[in-house]
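Below is one structure, written out as structure tokens, with a few remarks after it.
The values are calculated or read from the model by the stated rules, or taken from the named source; none is laboratory data. Treat the numbers as computed from the prediction; the structure is a model and nothing was measured. With ideal geometry, Cβ positions are generated from the backbone for all residues, glycine too; neighbour counts draw on all protein chains shown. What goes into the accessible areas is simple: the full protein's heavy atoms, side chains included, and nothing from ligands, DNA or RNA. Shrake-Rupley method; radii C 1.70, N 1.55, O 1.52, S 1.80 Å.
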Amino acid sequence: MSERRSIGSILRRLFLVDLIKGLAVTLRYSARALVEPRDGANPLQSIYTAQYPKERPNIPERWRGAPKLNNDPRTGESLCTACNVCALVCPVDVIQVSHASREFRDGEKVKKKKVLTTFVFDTSRCMFCGLCQDNCPTLCLELTQEFELAVDSRAGLVWDREMLEKGINVVTYKK
Amino acid sequence: MSSDAPNASEHVFEHTEMLLNMGPQHPSTHGVLRVLLKLDGETVVDLDCDIGYLHRGVEKICEHDTYPMITPYFDRLDYVAAINGDLVYVEAVERLMGVEVPRKAQYLRVILAELQRITSHLLWLATHALDIGAATIFLYTFREREEILKIIENFIGARLTTHAFRIGGFEWDANPEFERDVRAFLDMFPGRIDEYETILSENRIWLARTVGIGVLSAENAIDIGLTGPVLRASGVKYDVRRAAPYSTYPEFDFEIPIGETGDTYDRYLVRMQEMRQSIRIVQQALDGLPEGDVMAARVPRVIKPPAGEVFHTNESPKGEIGVYLVSDGTNTPYRLRVRPPCFVNLQALKQLAIGHLMADVVALIGTVDIVLGEVDR
Amino acid sequence: MNRAWGNFAQRRKGATVSSIVRPGLVSFAVSLFLCVFDAPLREVAAQTQTQAPPPPPSPVVPTWSPVELIESLGVSHGFAEYVVLPAIQFAVLLAAILTAVAYLVYLERKVAAFIQARLGPMRVGPVGLLQPLADGLKLLAKEDLVPQGADRLVFLFAPVIAITAALGLLVLVPFGAAWGTVTDINIGLLFLLAVASVGVFGIVLAGWASNSKYALMGAMRSSAQLVSYEVAVGMALIGPLLFARSLSMQEIVEAQRFTGLWFVVLQPLAFAIYFIGSLAETNRAPFDLPEAESELVAGFHVEYSGFRWAIFFMAEYTNIIITSAIAVTVFLGGWSFPGLETAVSWIAGTDPSTPLYSVVFTLATLGVFTVKVALLIYVVMWIRWTLPRYRYDQLMDLGWKWLIPVSLANILITALAFLLAMRPDQGGVFGLLEVTKNGLWIGWTGTAWFIAVNIATFTVAAWLLKKLNRTSWTTDIDALRRAEAQKRAGRLATATERGAR
Ligand code: SF4
Ligand code: SF4
């Protein structure tokens, strides 16, 4: 109510103490930026920038990135049983699995087996929620740590089985 | 008006107002909000919000998706606080099914939700300060936010739209470094809040731009239906974490900061305090983290809640987010409806802004803290 | 002391007008008193007066000039002095300034980055040093768009006005001693201020011609802002001019060199006002309202693209250089620096007529000036990246109700103090100042006197500000709230009255 204030507060106001305190914070940062050695993305340092293509980010193991279809390391055959669970569970219908029945001889008997023919994964619409990966019964479909998915055309974002098995060729930044 | 009217020039000067179209592409409307301003000079005399530019029909889509498939959509409502969105949905389904979530999972959920609350408030501070012209705060808060995002990324596997929870618990237990990382963050963060406050809280320009701007009385705030920090800044002590406790919140000791007059400065102070309280909650949850499983044992592969309905609310960083869920016993919900805090809080904008200047409108859009993903759904 | 302030606060009931009139009356009474008691005071002073210190030797300025060099190529003296040399100087200056502007942008980005925990441009060239070049090329390659419905001719011409006004000023800035400056006219400072305000036409016309509401509002804001801050800036400069006794930029520097005192010591308040005002005049934060990104997107140049936009940008940075240069010249000693002559004599001997001495001395002064300006610009950038932005009405308040009253009080009190401090035989009383044929001599006693006077001015200014700014003075949050509520109600009432609601 009363506007009685100490002479100190009046002086603080006239000498812009409130502004100078803020300026001191920023000056400290810029002074430290000049002297401190830098290692990327360390929050305790005055410069936080990581020089991305030169300094690779640390991608966590659980990262849900580019999809991949795993092959059986022993036989080299796809682990996918074409069960279609991943396609069903995807909220945005990204995956299309098609299969063929193939006869094969198991000893005496002639059996029929579902084999995967094509597998289309539209990364442009995928939201990397990880549901497909979680639900794949054979650990075939995996979301890898690869994250550089940009390509020149929209068509390039639709991955076929070959791309999914090999993985994409990421251009590595030199210099 | 026609040019051959007798007093054409007088006519022009009678009407002093000007219509200004702010957005949907405007740097300070936080996404695709369109605000129609009626200005007299620079004074706002009327204001209308035009929303819907980000409408995706999430509620309708959910009627066609199975229960687990819906969770990622809740990431995309309030996409800067995805974990809080997930939490309210999975808890609603769990309530409907009567699933008991293991205590460890509950604690981890609280930790993640509070960390996400901090990121959301940091983002709010960043954009709010940027709107008022303090560009540097923006980068500082983003640095701290990045640290939290790294923690979340290591645990969950994604940064922004996390899809953190599954119905019944977690997909994975916390990664081994989780506790160490969170503790390191908790050590660093209070000092950083002090830094923001040194730059802003006493700054005369900041005071001039926030104090007394957009005053909202408690009655008004309740009438509009506001929740969250915007309501608490008007002096109403209402926080779902205390008023209708969910998860393990009753076990933690924290305060609910409230403001006095409900102006922009109070809302700023309340959110700054809330960040400090969130730190306290995370600290306690981390100290008392129980051992055990993170996934409820009896969650079926195909989730079919019994026919019935549930309305579950949480305290999201923006306010009270609610999910109304009707199940008809099948594997997709019969109806799902979201009570979005941002949409409701946005309705206060007109009351807040009238009589202030055009420059205050951006400060006010910042202070109600909206995310268009949630406003439009 | 405490109580006294409180009593002031309680007693202030009258209208604002009376609070302006009262200090006026007081000062009138003081001057009346001085007129009446002039003679007796002088008598008193004549007895107590100590002998003024002897004037120091005239400073050493090189007498050799490159004109002689040009003449030796067979050019007539007049042609060499008035055409060839200025042309060379201006060409060099223009190239230097345009490069400096480009690198100021780079510097600004680096300063901002270091303040904000970033690295800034790093990719083009070593540590991003070629970034300005890349930006320039990019802007040149961009399409030059003219919006539909724009006033085409004005739209295209507006940036030209802005840049011409800015670059034209460069000839008068005293970058260095002797031939380090293009020209020096006896109304230098006045000319600078006058031409600088032409630049605002570029902004206004750009905003008007764009046929965009945002641009128009930006232009309106900036014209109002520039016009009102010009007053404060102009009046702040009067204080130091009392001591410089000249409007010529070189003579202002010489005056400071002669007394060995930078005018910032004698006129700190004026410096503060000038600095704040020049921030506002160059649209820098916290006064960057005309281009307030968050409200007006980009303000007056929102519709400009490509190189025309770059020209506005260049004009803005040139203006920053010029206002900083004026501040350095008038308040911070210009190109002079204590001990500079000694340092030069180590390298080039003491004979001011040799070409070597001339070259070394001029280059040294150029260096000193550049460093001073650069430091000042750093402060400007540092402020920009720390502080939030004022609102339009608050900006006007600050200009008219804070800076202008203080600068008026400053002029009044300084002038009185100056009069009192002069030697009795030169029309003063105390004899602390002496007008010699080389300029004004202010000894130690004079300096002490003016520092005391400044403290007095400061107190008077504080009192005046408190009288004038009942609401914006306070840091009390509740009072601020009430004031803002009042303003809001007032604005709504006005709007209703005008039928806008
Ligand atoms: S990550 Fe999610 S959106 Fe993408 S394919 Fe798998 S289930 Fe579908
Ligand atoms: S869920 Fe796995 S096994 Fe089944 S179709 Fe998809 S990738 Fe193949």
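Solvent exposure of A:T118, expressed as accessible area, is near 70 Å², computed with a probe of 1.4 Å over the protein chains only. Solvent-accessible area assigned to carbon and sulfur over region B:9-376 amounts to 52 percent, based on a 1.4 Å probe. Rolling a 1.4 Å probe over the protein heavy atoms leaves A:W159 with an accessible area of roughly 10 Å².
Once you reduce region C:313-351 and region B:321-340 to the center of their Cα atoms, the two points are 73 Å from each other.
Based on DSSP H segments of at least four residues, each scored -39500 (n - 2.57), chain B has a per-residue ellipticity at 222 nm of -15000 deg cm²/dmol. If you split all Cα-Cα distances of chain B into 10 Å bins from zero, what percentages do you get per bin, shortest first? All Cα pairs, binned at 10 Å, distribute as 5, 23, 31, 23, 11, 4, 2, 1, 0 percent. Pairwise inverse Cα distances across the protein assembly as shown, averaged and inverted, put the Kirkwood hydrodynamic radius at 33.5 Å. Buried area at the C:B interface is about 3900 square angstrom, summed over both chains, from accessible surfaces computed with a 1.4 angstrom probe. A convex hull fitted to the Cα coordinates of region B:226-377 yields 136 cubic angstrom per residue.
Measuring heavy-atom accessible area with a 1.4 angstrom probe and counting protein chains only, the residues of region C:100-136 that give up at least 20 Å² relative to the chain alone are C:F114, C:I115, C:Q116, C:A117, C:R118, C:L119, C:M122, C:R123. The listed residues C:I88, A:I168, C:I163, once ranked by accessible area (1.4 Å probe) with the largest placed first, stand as C:I88, A:I168, C:I163. The lysines within cross-link reach of B:K237, meaning a Cα-to-Cα straight distance under 22 Å and a gap of 8 or more places when in the same chain, are B:K318. With respect to chain B, whose longest principal axis is taken over its alpha-carbon atoms, helix B:358-368 is tilted by about 20°. Per-residue Karplus couplings for region C:253-266, computed as 6.51 cos²θ - 1.76 cosθ + 1.60 with θ equal to phi - 60°, are listed in order as 5, 4, 4, 5, 5, 5, 7, x, 10, 7, 5, 5, 6, 7 Hz, Gly and Pro entered as x.
The angle between the Cα long axis of helix B:178-200 and the longest principal axis of the Cα atoms of chain B comes to about 20 degrees, rounded to the nearest 10. Relative to one another, the C-alpha centroids of region B:118-187 and region A:82-145 are positioned 34 Å apart.
Using the Cβ-Cβ distance between B:K60 and B:L36 with R0 = 30 Å, the FRET efficiency computed as 1/(1 + (r/R0)^6) comes to roughly 0.60. In chain B, the longest principal axis of the Cα atoms and the axis of helix B:264-287 are about 10 degrees apart. In the elastic network of chain B, a GNM with C-alpha springs shorter than 10 Å, the most mobile of B:R117, B:R143, B:R267 is B:R143. Please tell me which of these pairs span more than 23 angstrom C-alpha to C-alpha: B:K350/C:K213; B:K150/B:K304; A:K68/A:K109; A:K68/A:K112; B:K104/B:K150? In this structure, B:K150/B:K304; A:K68/A:K109; A:K68/A:K112 lie more than 23 Å apart at Cα.
A 1.4 Å probe run over the protein chains yields, for region B:89-247, 27 Å² of accessible area per residue, whole-number rounding. Within the listed set B:P24, B:P300, B:P68, the Gaussian network model of chain B (springs between alpha-carbon atoms below 10 Å) gives the highest mean-square fluctuation for B:P300. Assuming 1.002 mPa s and 20 °C, estimate D for region A:17-112 with Stokes-Einstein, Rh taken as the Kirkwood radius over Cα pairs, in µm²/s. For the chosen part, D equals 107 µm²/s. In region C:186-226, the convex hull through the Cα atoms has an average projected area of 2.6 nm², a quarter of its surface area.
As a fraction of the 1.4 Å probe accessible area of region C:230-355, surface on carbon and sulfur atoms comes out at 68 percent.
Under 5 Å from the amide H of B:L47 lie the amide H atoms of B:K38, each residue being 5 or more positions distant or on a separate chain, with H modelled from the backbone and absent for Pro and chain starts. From its DSSP helices (H runs of at least four residues, each -39,500 (n - 2.57)), chain A gives a residue-normalised ellipticity at 222 nm of -7000 deg cm²/dmol.
When the Cα gyration tensor is reduced to axis lengths a ≥ b ≥ c, the ratio a/c is 1.5 or higher for region C:37-469, and with a/b not above b/c it is classed as oblate.
Note on chain A: with a GNM built from Cα contacts shorter than 10 Å, the maximum mean-square fluctuation among A:L88, A:L79, A:L44 falls on A:L44. Applying the Karplus relation 6.51 cos²θ - 1.76 cosθ + 1.60 with θ = phi - 60° to region C:68-78 yields 3J(HN,Hα) values of 4, 4, 5, 4, 5, 7, x, 9, 5, 4, x Hz, where x marks Gly and Pro. Distance between the modelled labels on B:S217 and C:T99, one decimal in nanometres: 6.7 nm (7 Å Cα→Cβ projection). The HN-Hα couplings worked out from phi for region C:234-242 by the Karplus form 6.51 cos²θ - 1.76 cosθ + 1.60 (θ = phi - 60°) are x, 6, 5, 6, 5, x, x, 5, 4 Hz, whole numbers, x standing for Gly and Pro.
Rolled with a 1.4 Å probe across the full set of protein chains, the surface gives A:L27 an accessible area near 70 Å².
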